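This is the structure I want to talk about, given as structure tokens.
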Amino acid sequence: MIPLKDDTPRYSTPLINYFLIAANVAVFLFEISLDRRAQTGFIEVFGLVPARLAMSLNLALPHVHGASHAISPAMACLPVLTSMFLHGGWWHLIMNMWFLWIFGRNLEDALGHFPYLVFYLTCGFAAAMVQTFSDLGSQIPTVGASGAIAG
């Protein structure tokens, strides 16, 4: 069953939730405005590639290929954040934003604005780490806010 709405009363305006939804939609609109080649490059740079992150943190196994060029740990970690704002298609975006709209508003109301943002980003970071450690050698970019929203 997919929830359509909630009836929990809120006592504050969910400004952070509105910002997160707007940022996700804006990044997705930019993403789809690119031609196929630029879009692939964009996802490759800003999506989380577990092998790249693992290699920059010296976690990768020796058999991992394709990410041999040196990259600073800071630049390798940036996609942990940026991948939370990329989506693989309209359906992916719509479902994520729908659940963020329904559940995020109440959580932000209960936690407060800044703690909600910290919690959201922490959940997204944790999801990225689980994805990375589940397959250190994966060179497929991971995108989406699902981990942050599921938290």
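Which one of 146, 138 is among the small types (Gly, Ala, Ser), surrounded by 17 or more Cβ atoms within 10 Å (Cβ to Cβ) and farther than 22 Å from residue 27 by Cα? Give the derivation first.
Details: 146 fails: farther than 22 Å from residue 27 by Cα.
Result: 138 is the single residue among 146, 138 that is among the small types (Gly, Ala, Ser), surrounded by 17 or more Cβ atoms within 10 Å (Cβ to Cβ) and farther than 22 Å from residue 27 by Cα.
Another question, then. What number of residues within region 14-47 satisfy the criterion of being touching a residue at least 40 places away in the same chain (Cβ under 8 Å) and not hydrophobic (A, V, I, L, M, F, W, C)?
Matching residues across region 14-47 total 6.
Hey, does region 48-62 have a residue that's touching a strand residue (DSSP E or B) at 6+ places or on another chain (Cβ under 6 Å), outside any helix (DSSP H, G or I) and either modelled with pLDDT of 95 or more or closer than 19 Å to residue 125 by Cβ (or both)?
Yes, some residue in region 48-62 is touching a strand residue (DSSP E or B) at 6+ places or on another chain (Cβ under 6 Å), outside any helix (DSSP H, G or I) and either modelled with pLDDT of 95 or more or closer than 19 Å to residue 125 by Cβ (or both).
What are the residues in region 7-59 that are among the polar types (S, T, N, Q) and loosely packed, with under 12 Cβ neighbours inside 10 Å, if any? Talk me through it step by step, then tell me what you get.
Step one: filter region 7-59 for residues among the polar types (S, T, N, Q), giving 8, 12-13, 17, 24, 33, 39-40, 56, 58.
Listed by number, the residues that qualify are 8, 12, 33, 58.
For region 80-116, name all the residues that are of a type outside the set (Gly, Ala, Ser), under 30 Å from residue 58 (Cβ atoms) and touching a residue at least 60 places away in the same chain (Cβ under 8 Å).
Looking only at region 80-116, we keep the residues that are of a type outside the set (Gly, Ala, Ser), and these are 80-82, 84-87, 90-103, 105-109, 111, 113-116.
If we keep only those that are under 30 Å from residue 58 (Cβ atoms) as well, we get 80-82, 84-86.
Selection gives 84, 85.
When you go through (1) modelled with pLDDT under 95; (2) part of a helix (DSSP H, G or I) one by one for residue 5, which number turns out not to apply?
With respect to (1) modelled with pLDDT under 95; (2) part of a helix (DSSP H, G or I), residue 5 is out only on (2).
The values are calculated or read from the model by the stated rules, or taken from the named source; none is laboratory data. Quick caveat: nothing in here was measured; it's all calculated off a predicted structure. No Cβ is skipped: glycine too gets one built from the backbone with ideal geometry, and neighbour counts run over all protein chains shown.
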